[in-house]
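Asker: Here it is, the structure, as structure tokens.
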Amino acid sequence: MEAIKVVPAAVSQVQVHVDPEQIERWVEQSRSPTGFRDAELQIAAVCRAEADRITEQVLRRVASAPDFQAEATLATRQNLRGSRAKSGGPRTVEVMLLGGSRIRLRTPYYKPSQAKLSPRQQSRKKPHRGEGGAGLYPVLTALGIAFGVTPAVAGEVVRQITDSDSIDAGRTALARWGLNLTHPRARALVNHFSHRSLEQRSAALEAARQQPRQAGPLKGKRVVLATEGGPAPAEKDQTGPPAEERTSWL
């Protein structure tokens, strides 16, 4: 078995093992521009699969570490203090890795309190989501894993679709690198993380407002900020001024 080093410096000890016979097939295949292109894409796919296997090992070890689980659970309890959320035991979830692989993890889950649901909802075998929310996974939250994807996958999906002229064009570009998503799934991920970005921006703005004001070059001056994000669509059946005129400025 020959080994091919795939990443320099920090992980120079990581190696991808490839069957020598497969390498010979790639050599024979790479005797034309098209053949070499196909071989290179196949080699890249092999490396992505191996990268996912390494990532899976790292993720499973971190997620199963007792000390990490304890820290993540403690942080969750502190964040949910007063919300009556309680442990729902371990659950199995599917997570997509950057190379497109999907793995299943069994990890602790915190569920919303039934006390916040109506008696009718509590009587159902599968109550609808109520004010208590849908619960969360402390360990996955501590790792930045949300909506079934790792942080790297989320960043790549949102970046690629944002840079593309349509969701389908973005999906096509993502699929070339192993990230195969349906149209509804891709759209849902972009929407989820867009909402999360707005929440983080609002939290950062509120934190900044709580800080004491400091003297700076703009103190005492009137400043106008403008940004171009495209006009907000105006609904035909709305009352009052168009949406563009009702934009909330900071």
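Coordinate-derived values only; no laboratory data. Keep in mind it's a predicted model, so treat the numbers as computed, not measured.
Asker: Ordered by residue, what ³J(HN,Hα) values in Hz, to whole numbers, does the stretch 23-37 give under the Karplus form 6.51 cos²θ - 1.76 cosθ + 1.60, where θ = phi - 60° and Gly and Pro are x?
Answerer: Karplus-based 3J(HN,Hα) across the stretch 23-37 equals 4, 4, 5, 5, 4, 5, 6, 8, 10, 7, x, 5, x, 5, 4 Hz.
Asker: Shifting gears a bit: Sequence-distant or interchain residues sharing an amide H contact under 5 Å with Arg91, placed H: which?
Answerer: Distant-sequence amide H within range of Arg91: Thr107, Tyr109.
Asker: Give me a comma-separated list of calculated 3J(HN,Hα) values for the stretch 43-48, in order, Karplus coefficients 6.51, -1.76, 1.60 applied at θ = phi - 60°, integers in Hz, x for any Gly or Pro.
Answerer: Karplus values, whole Hz, x for Gly and Pro: 5, 4, 5, 4, 5, 5.
Asker: To continue, here is another question. Using θ = phi - 60° and the Karplus curve 6.51 cos²θ - 1.76 cosθ + 1.60, what whole-Hz ³J(HN,Hα) does each residue of the stretch 57-62 get, with Gly and Pro shown as x?
Answerer: Those phi angles translate into 4, 4, 5, 5, 5, 5 Hz.
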